[in-house]
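Peer 1: The structure that follows is given in the form of structure tokens.
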Amino acid sequence: MLSSGQRLLRFDRRLGVSRVAGADEAGRGSLAGPLVVAGVLLDYDDLRGGRVRCLARLNDSKQVEPEERNELYHAVLRSAAAVSVRVIASEAIDRHGLHRSNLWGLRAVLEDLADRESACLVDGFRLGPLAPPHRAVVDGDTKSAAIAAASIVAKVTRDRLMRRLDALYPRYGFASHVGYITPSHTAAVLAYGPCTQHRRSFNARAYASAAA
């Protein structure tokens, strides 16, 4: 029986190219904190021995526990030919909109990684004509090793940023919910009002008192 990583790697290898770039984001549905977009380039001509064995447990970031996610993060950094990350602040999301910000980030990381010999894969979204030639893969983080690796890098990077923000804004509990809407997060925003890390363009019940 194939491991999760072997199954994901097999999908990419079947594309028939040696280099596969995958892109994914973390924090799209969050009420606070940045959107983090990551791209990972895997070179299958060089991916052998220890560099491929450490990816045996690779999986969609949402399918693994935090400790294993951190281990996979380091495995991806050891195995990848290149990694690119964009951090898009809440202020920029409010100014440009979440979807436009996300598409810009995905285009940017693929532009960093793509060349004529690589296939570019994105989790779910078509990025338009300004992006490198690419393929949108629905639920790609559960199918492609490159996209799953990007999901790991994006998630771990964002969680680390949210823990740092928790030290600066201790009232909101960012370290526990990493900016997503939870009862405790909503209660904190209702009690103290939103901080500069909150996405004010979102229509959230937590902002009810601020709008009153």
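Derivation of every value follows stated rules applied to the coordinates shown; laboratory data play no part. Source: prediction; values computed, not measured. We place every Cβ from the backbone using ideal geometry, glycine too, and count neighbours over all the protein chains shown.
Peer 1: State the answer as a single residue: which of VAL64, LEU31, VAL156 lies farthest towards the positive end of the charge dipole of the chain, with beta carbon charges of +1 for Lys and Arg and -1 for Asp and Glu, about the Cα centre.
Peer 2: LEU31
Peer 1: Here is a further query. For the Cα atoms of the chain, what angle does the longest principal axis make with the long axis of helix 66-79, in degrees from 0 to 90, nearest 10?
Peer 2: On a 0 to 90 degree scale, this one is about 40.
Peer 1: Right, next: When the chain is treated as a GNM, springs tying every alpha-carbon pair under 10 Å, which of ARG51, ARG116, ARG158 comes out with the largest mean-square fluctuation?
Peer 2: Result: ARG116 has the largest fluctuation of those listed.
Peer 1: If you don't mind, there's one more thing I want to ask. Would you mind telling me which residue in GLY140, GLY128, GLY39 has the biggest mean-square fluctuation in a Gaussian network model of the chain, where springs connect alpha carbons within a distance under 10 angstrom?
Peer 2: GLY128
Peer 1: If you don't mind, there's one more thing I want to ask. May I ask you to work out the translational diffusion coefficient for region 4-165 at 37 °C, viscosity 0.692 mPa s, via Stokes-Einstein with Rh from the Kirkwood sum over Cα pairs, reported in whole µm²/s? Present the calculation step by step, with values, prior to reporting the outcome.
Peer 2: On the way: Rh = 15.3 Å.
Approximately 214 µm²/s, per Stokes-Einstein.
Peer 1: Let me ask you something else. How far is helix 145-168 tilted off the main Cα axis of the chain, in degrees rounded to 10, range 0 to 90?
Peer 2: So the helix axis and the longest Cα principal axis differ by about 30 degrees.
Peer 1: Can you compute the helix-only [θ] at 222 nm over the chain? Use -39500 (n - 2.57) per DSSP H run of at least 4 residues, normalise by all residues, nearest 500 deg cm²/dmol.
Peer 2: Result for the chain, helices only: -13000 deg cm²/dmol.
Peer 1: By count of other Cβ within 10 Å, fewest leading, how are THR196, THR186, THR157 ordered?
Peer 2: Working: THR196 12, THR186 17, THR157 20.
In increasing order of surrounding Cβ atoms, one gets THR196, THR186, THR157.
Peer 1: Quick check: the angle from helix 4-13's long axis to the longest principal axis of the chain, C-alpha only, nearest 10 degrees?
Peer 2: 60 degrees
Peer 1: With an 8 Å Cα cut-off and a minimum separation of 6 or more residues, compute the relative contact order for the chain in percent. Before the final figure, lay out the partial values.
Peer 2: Values: 408 pairs, mean separation 63.4, N = 212.
Here the relative contact order equals 30 percent.
Peer 1: Next question. Can you give the local net charge around HIS185? Use residues other than it whose beta-carbon is closer than 14 angstrom to its beta-carbon, Lys and Arg +1, Asp and Glu -1. Intermediate results must be reported in sequence, preceding the final value.
Peer 2: Numbers: positive: ARG171, ARG199, ARG205; negative: ASP166.
Residues near HIS185 contribute +2 overall.
Peer 1: If you don't mind, another one. Ranked by Cβ crowding within 10 angstrom, fewest neighbours first, how are LEU42, LEU190 ordered?
Peer 2: Values: LEU42 28, LEU190 15.
Fewest to most other Cβ atoms nearby, the residues stand as LEU190, LEU42.
Peer 1: Have a look at the DSSP beta bridges in region 4-165 and tell me what percent are antiparallel, nearest 5. Display every interim value, and only then the final one.
Peer 2: Working: 15 of 23 bridges.
Rounded to the nearest five, the antiparallel share is 65 percent.
Peer 1: With just the Cα atoms defining each centre, how far is region 16-36 from region 50-67? Give it in Å.
Peer 2: With region 16-36 and region 50-67 each reduced to a Cα centre, they are spaced 16 Å.
Peer 1: Top mean-square fluctuation among SER18, SER84, SER61, Gaussian network model of the chain, C-alpha springs under 10 Å?
Peer 2: Answer for the Gaussian network model of the chain: SER18.
Peer 1: Using the 10 angstrom Cβ neighbour count as an exposure proxy, how do ILE93, ILE152 rank, fewest first? If you can, show how the numbers build up before the last one.
Peer 2: Values: ILE93 24, ILE152 30.
Exposure proxy ranking, most exposed first: ILE93, ILE152.
Peer 1: Right, here's the next one. Using a Debye calculation, one point per C-alpha and no hydration shell, please list log10 I(q)/I(0) for region 1-54 at q = 0.23 Å⁻¹ in order.
Peer 2: For region 1-54, the Cα-only Debye profile gives -0.93.
Peer 1: Need the C-alpha centroid separation for region 152-173 versus region 107-133, integer Å.
Peer 2: Cα centroid of region 152-173 versus Cα centroid of region 107-133: 28 Å apart.
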